[in-house]
Each structure stands twice: as structure tokens, then as C-alpha cells.
Amino acid sequence: MIYRTAIKFAFFLCLSVTSTSVFAAKDAVGCKDNPIVSRFQGSTLLACQQKNYDESALPLGIWKDNQPAPSKVMTASGKTAWYFYGIPQSVSGMEVFRNYESALTKAGFSIPFQCSGTQQCGWELANQGLQPLHGFAGRVGTSNYAIGAAGMDGVFHELTAHLQRPQGNVDLMLMVIDRDSAQGLQAPVAYLKLIEGQPMKTGEVTVTAKAISSGLAQNGHIALYGIHFATDSAALKASSDKELGEMAKMLKQEPSARVYIVGHTDDTGALPHNLKLSRDRAEAVVKALITGYGISSNRLVAEGVASFAPVASNASDQGRALNRRVEMVLQ
């Protein structure tokens, strides 16, 4: 399977190179290679940074001067990390770049975009793509030289790659900057940013009865992310009990209020299936409020609208997570 192949080839990205590096022999404290995509052999990991969840726009087109974003982007979200490598001095940046390109392709990655230099990539791609390195300029002097070589002289190669796999997609941006004596860069460096797709956790905050009442009064509806269902099912999870209790509390405090309980899905799957699923989920909430909390059935109406009313783009995992929700709407 493709994702197994990716893991297999992750450790063969580093092809044999015998040379002398101008960088320190030891990796930066606390840094180690990503288990999916490793380093070019003989490289030194100069700096790294990780976030449990973030969203990134990866370039799929030229990034022209003074533009807020590239002409075309691919949005990816999930566990995000970047790695900054010093490359052996005897190796060219193009050799490193082609080795990564070959290994990624063999591992099942598609490469929807690649470019070389500012004429193909645009000045801003180098300047903005290496933005995270600015925060390390004081500790990793090489980052200053790399930023200058890419942004000033345009001696770099970039690719954006995507791997689809069952446990979550992998997206990455690789930028290899070649040696540039004019900017003080005596050996190539590589900047790798990698995003392991995973849904953002929702339902971590329960909306109180007071907040529900306020939301309904101000907006006529409120999204409730503390209602949880089994995957592709209308079966309520026990973790929904706290949110259901707050919904019931609000309805008891305002006995004249009548509401619609509306189920929403993302756009994954067939529309007829999602319409039924969203309605079944709304009906499950109504049933729970009636049988478990004593709310009168004439105050509640269940409805499902599938993906017809998104609150975010379905193009990212984060957006889809926000679109999967239950709402209370005043009748």
C-alpha cells in the first residue's frame, strides 16, 4: 500500500555521500529527523520546531512581489514541523534536491509544483517560505546566510509534495538553497516543512446554558461542538452528556423557548447519505433531551441539512471538523 511504501522509503532519502561538512557535527539539542522523511546523508540538523496542530498554505504557483500569497496554494492542517539542515560542502544543492525528489516519488508522493530560482518561483516564495528561520537568526547564524542566498540571489530549488494515506495525508514543502559565497553561505542547506494530516480536536469546551441562551438571543442559533457521535453513525457518545445537560438546563430555565435541533455534516461522502445521517443525528439529540432530561417533545423539532450550511471551507481537515456540528435554532 502507498502509505507503507512511504514509511519504507523514508529511511532511504539519504543517499551515500562522502564529504566534509562545514557545519557542526552534532544536531541541535532536542532535534531529530521526522520518521516519514529523513535527511540527506551526512547532513546536520541545525534547527527544528514542531506544533501539535497548525494550518499552512503550501505554494503551488509563483509568488509574485508584494502579493499576500502565491498564485495558487494547497492548504494543509495537522501536526506540523520544520527542519533546517546543513549539507556537506562537497555536495551541490541540485544533487540534494534531485535525491529528495526521487525518493519522494518512489514513496508514492505526488509533486504538484516545483521551481528553481526567483524567476520561476518568485521573490516572495523565498522570503516568506523561510520566514520561520528569522526567529533562529541569533542562535543559528547559517539561517541568515540561507535567507540572503535565497531571497537576494535566488539560488534555491523548491517543491511541494502530497501523499494520500488512510491514517492522514502528508504534505510538505522542501527548499534547498545552494552555496552562495556572496551571501556567506559556504555549503548548501535544506529547509523541510512537513504536515501530518489529522483532524483538529473539537468538543473540548462545553457551552453552558447561559452561553446557549445568549447565543440564541443574539444570533438565533448556536453551534454545539460538545455533541459527539460514533463515526458515520447517529449513536451518541457518553461524552455528549455534559453538553446535553446544559441544553436541557437552558430549556428548563426558559420554558417558552422552542427550538430546532439541526444536524450538519462536512461534504465527505454522498449527499443523500449525509442528509439522512445529519437528520438521524438531530433526532438522536431530540430523543435524548426528551427521554433523558424530560423536555417536552412539542418544543423540539429535528432537521438535517448535510453540508448545505458550512461555517468553514471543506478543503481542510480543520474546516471539515468545524462543519460537523449540531446547532440549536430558535423556532
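Using Cα-Cα distances under 8 Å and only pairs 6 or more residues apart, what relative contact order does segment 37-79 have, in percent?
For segment 37-79, the relative contact order is 38 percent.
First compute the accessible area of the chain with a 1.4 Å probe, then give the percent of it belonging to carbon and sulfur atoms.
Looking at the chain in its full context, I get 52 percent from C and S.
What list of ³J(HN,Hα) values in whole Hz, one per residue of segment 214-228 in order, does the Karplus curve 6.51 cos²θ - 1.76 cosθ + 1.60 (θ = phi - 60°) give from phi, with Gly and Pro shown as x?
Karplus-based 3J(HN,Hα) across segment 214-228 equals 5, x, 5, 5, 7, 10, x, 7, 8, 7, 10, 8, x, 9, 10 Hz.
Could you work out the helix-only [θ] at 222 nm for the chain, with each DSSP H run of four or more residues adding -39,500 (n - 2.57) and the total divided by the number of residues, to the nearest 500 deg cm²/dmol?
-9000 deg cm²/dmol
Is there a quick way to get the dipole size of segment 176-269? I mean about its Cα centre, with the Cβ of Lys and Arg at +1 and of Asp and Glu at -1; what is the value in debye to the nearest 20?
The calculation lands at about 420 debye.
Can you give the charge dipole size of the chain about its Cα centre, rounded to the nearest 20 debye, using +1 on the beta carbon of Lys and Arg and -1 on the beta carbon of Asp and Glu?
That gives the chain a dipole magnitude of about 800 debye.
Among G93, A149, S256, whose Cα lies farthest out toward the positive end of the dipole of the chain, if unit charges sit on the beta carbon of Lys, Arg (+1) and Asp, Glu (-1)?
Positive-end residue among those listed: S256.
If Lys and Arg each add +1 and Asp and Glu each add -1, what is the summed charge of the other residues whose beta carbon sits under 13 Å from the beta carbon of W123?
It works out to a net charge of -3.
How far is helix 141-151 tilted off the main Cα axis of the chain, in degrees rounded to 10, range 0 to 90?
Helix 141-151 and the main axis of the chain meet at about 90 degrees.
Among the listed pairs K106/K193; K210/K237; K193/K237, which have their C-alpha atoms separated by more than 28 angstrom in this model?
K193/K237
Cα centroids of segment 154-175 and segment 205-257: how far apart, whole angstrom?
If we compute the Cα centre of each part, the gap is 40 Å.
Output the relative contact order of segment 201-321, whole-number percent, from Cα pairs under 8 angstrom with separation of 6+ residues.
25 percent
Please work out how much length the chain gains when fully extended from D267 to V301, using 0.36 nm per residue of separation minus the C-alpha to C-alpha distance, in nm with one decimal.
9.9 nm
As a test of understanding, state the convex hull volume per residue of segment 194-331 from its alpha carbons, in Å³.
110 Å³
Applying a 10 Å radius around every beta-carbon, put 273-279, 292-298, 246-252 in order of their mean neighbour count, most first.
So the peptides 273-279, 292-298, 246-252, ranked by packing, come out 246-252, 273-279, 292-298.
For the chain, what mean projected area does the convex hull of the alpha carbons give, in nm²?
Computing the convex hull of the Cα atoms and averaging its projections yields 19.7 nm².
What does the accessible area per residue of the chain come to in Å², with a 1.4 Å probe and no ligands, DNA or RNA counted?
47 Å²
Quick one: compute the contact order of the chain, relative version, from alpha carbon pairs under 8 angstrom and 6+ residues apart, as a percent.
It comes to 15 percent, rounded to a whole number.
The values are calculated or read from the model by the stated rules, or taken from the named source; none is laboratory data. Since this is a predicted model, take the numbers as computed values, not measurements. So basically every Cβ, Gly included, is an ideal-geometry build from the backbone, and we count neighbours across all protein chains shown. The area values use the complete protein model at the heavy-atom level, side chains included, leaving out ligands, DNA and RNA. Shrake-Rupley method; radii C 1.70, N 1.55, O 1.52, S 1.80 Å.
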